[in-house]
Structure formats: structure tokens, C-alpha cells
1. With respect to ALA22, determine if the residue is buried (at least 19 other Cβ atoms within 10 Å of the Cβ), modelled with pLDDT of 95 or more and within 21 Å of GLU217 (Cβ to Cβ).
2. Name every residue in segment 25-51 that is modelled with pLDDT of 95 or more, surrounded by fewer than 18 Cβ atoms within 10 Å (Cβ to Cβ) and not acidic (Asp, Glu), in order of residue number.
3. Kindly evaluate SER222 against the criterion of being touching a Ser or Thr at 6+ places or on another chain (Cβ under 9 Å), at positive phi and surrounded by 17 or more Cβ atoms within 10 Å (Cβ to Cβ).
4. Would you pick out the residues in segment 193-209 that are surrounded by 23 or more Cβ atoms within 10 Å (Cβ to Cβ) and in contact with a strand residue (DSSP E or B) (Cβ under 6 Å, 6 or more places away or on another chain)?
Amino acid sequence: MKDLSDHRPASRETGHVHLIGAGPGDPELLTLKALKAIEGADVVVHDRLVSPEIMALVPAGARRIDVGKLPKFHKVPQEGINALLVDLARAGHRVARLKGGDPMIFGRGSEEAEACRVAGVPVSYIPGITSAQGAAASTGVPLTHRGLATGVRYVTGHRARDAALDLDWASLACQETTLVVYMGVSNIAEIALQLMRHGMPPALPVLAVASATTPRETRLASTLGQIGTDVARAEPEAPVLFIIGHVAGMYDAISAADSALCEGPGMAAYA
């Protein structure tokens, strides 16, 4: 662990860890509480998927520590992140732990909070808009819609240490529910195949949204039977979210209506 004595402490007492949801990327979607915690931080520990627009809000004097994970490469294992947060707080720092989306939805926020509590370090959550809500808002595609979807389910499309997917496919293959897949770009072909094997039709609409709510947002409208091929061809950059279900079929009409109302170039999309 690096010497922390050269960084401004919050006080001589134990500091505080804020587990902050940075949202899908648009800084205007941050909560006021999140912004206040970022602006008051001595140290910011951030994931790879926190947008540059959010990182631009970090005070110039605050230390920044990148603990972002890449596929098959975790430069700081989760246990190391837990220990880092504890050590920083024990050194008296106000720690802003920035996570894309919401820290309690596939963000391992509960693991980090538990480590802090066990160590006697004050910790609190600041929720963020999860990526599914951000993608729904930016594309106009609802997650539920009368007559199309009576519910929504969030699932992760990968397992820790790249273990095999062991999802309850029979449960997930429900056409009355919108299925939102996080972190599934490398496994989307397998996910689609399993869903079809358990009764989902190949023609079921799928919408892939990359970097939702940011200027880099791209969208790919496809079907369950075609999404694996389309993603392999387009190679969208993470973070990518998949909206699977009848609501995704609304995208073309919504996009066409928006284009008719707006002048200038539209949102980038993969061919």
C-alpha cells in the first residue's frame, strides 16, 4: 500500500467511505448528494466505466485511484479494493468510491460496505440511476409498457473470474417480462441461444445500447436470433446494455418520430 500521509486528510479521526452511484454517464443525472460527496472528497476511487464527464467533476486537489476492471484482467482484485477503502478511511480521508450506475445493482457495493463495517469504518450509500433506466430514457424505449411487458428483470451477463454462466434460463425466458442484460457483450451469443432453447422466439426484438446517455452513445436494433452476429460485426465498446423483449420493438418507431422532430444529425447507430 502506498504512503497516504502526503494527501490531505478529512480529519485526525477515521474518515468516511461514500459508495456513490455515478449513473450511466451523463453528469446531469447525478444526484445532488453524489455531487456534494464528490466535490468534498480527498480521494476518489473509481471504476473504469465512470464517464470522463463525471470524472471532470472531481476536485483538482483530490487523489484519483483507478481500480477499473477489464475483461480477464483485474489490476486490483476485489479484495484489494476492499482493503484500499479501509486503509484510506483509517488514514482520515473522505473517500468517494465512484461506481457506474448504482452501487447496489451489480456494483459489488455491498461487498465493499461489508468490508468497511467489519473494519469499523463509517460507510454510506449514495444511489445512482442504473444503466437500464438511463438507456430507457435516452432511447425512449420503456422497460415496461402496457400490453407488451408486465415486469422487468436485471441480470448480469458474466460471472466472476469468467466462470460459466449458470443463469436460470427457463425462468428468464418469459416473453411477458423485459430482460435487461448488463455486462453481457462477450456472452450475448450464448445468452441468446440459451433463451431461444428455452422458448424465446428468434424474432424477439433486442436493443443494444453502448455508453448510454453520453455523447458516445450508440444503438443497435436486432433480434434474439441475430444479436450475436450483429454484435460480433459491430464490436460496440463497453459499457453495453441489452434490452430483450417486445418493448425493444418500439425503438424503430420512436427513433423515426424523434428524427422527424429534430434537425441535424441523429444519434449514432451501428449498421
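1. Numbers: buried (at least 19 other Cβ atoms within 10 Å of the Cβ): yes; modelled with pLDDT of 95 or more: yes; within 21 Å of GLU217 (Cβ to Cβ): yes.
Spelling it out, ALA22 is indeed buried (at least 19 other Cβ atoms within 10 Å of the Cβ), modelled with pLDDT of 95 or more and within 21 Å of GLU217 (Cβ to Cβ).
2. Passing the criteria: THR31, LEU32, LYS33, LEU35, LYS36, GLY40.
3. no
4. VAL206, LEU207, ALA208, VAL209
Residue-by-condition table, conditions (1) at pLDDT 95 or above; (2) on the phi > 0 side of the Ramachandran plot:
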{"site": "ILE129", "(1), (2)": "yes, no"}
{"site": "ARG146", "(1), (2)": "yes, no"}
{"site": "ARG153", "(1), (2)": "yes, no"}
{"site": "ASP162", "(1), (2)": "no, yes"}
{"site": "LEU167", "(1), (2)": "no, no"}
{"site": "LEU179", "(1), (2)": "yes, no"}
{"site": "TYR182", "(1), (2)": "yes, no"}
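The values are calculated or read from the model by the stated rules, or taken from the named source; none is laboratory data. Values in this document were obtained by computation on a predicted structure and should not be read as measured data. We place every Cβ from the backbone using ideal geometry, glycine too, and count neighbours over all the protein chains shown.
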